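**Student:** Here it is: the structure, laid out below.
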Amino acid sequence: MISNSSRRAAPSAAAPCRITVCRGCCCGDARKVPGVDHAGQIARLRGAVGDAARVRASECLDVCDQANVMVVQPSAAGRAAGGRPVWLGLVNDDGALADIAEWVRAGGPGLAEPPGVLDLYAFTVSRRVGKALEG
């Protein structure tokens, strides 16, 4: 017999957090953001989050003034708990990557409070831009 709690646990394992890393016209460009190992940033993030999230690169997310941009989307369990995507900008150092990874490993949006320092990176996007990522 399958209990309700075991049914709820399965989606979170099947749908972990997702981190979308912008690598469009400005994000990932050494001319726009010099001194950052853009190529290594995604690999380091993947290593830091392990199985807690899927990390993917995206074309331009249309918020170039915030380069480098990352969007942390909740797991299925996080979304069920009310979590919504969190947009982070100016993610240009390994300390920020470590804070993001720590938060995601703890559960991410909807399940864990982000480290307070991530408030400095969070920003709100227009509905048009937000919907483009979900589509």
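**Student:** When S58, S126, S75 are ordered from fewest to most other Cβ atoms inside 10 Å of their Cβ, what list results?
**Tutor:** Going from sparsest to densest Cβ surroundings: S126, S58, S75.
**Student:** Share of antiparallel DSSP beta bridges in the chain, in percent to the nearest 5?
**Tutor:** Numbers: 9 of 15 bridges.
Close to 60 percent.
**Student:** Let me ask something additional. P(r) for the chain, please, calculated from all Cα pair distances in 10 Å bins and given in %.
**Tutor:** Answer for the chain: a P(r) of 13, 44, 32, 8, 3, 0 percent.
**Student:** Additional query: If each Cα of segment 20-91 is one equal point scatterer, what is log10 of I(q)/I(0) from the Debye formula at q = 0.20 Å⁻¹?
**Tutor:** -0.84
Computed from the coordinates by the stated procedures, all read-outs in this text should not be read as laboratory data. In this text, all values refer to a predicted model and were calculated from it rather than measured experimentally. Backbone-built Cβ (ideal geometry, glycine too); neighbour counts: all protein chains shown.
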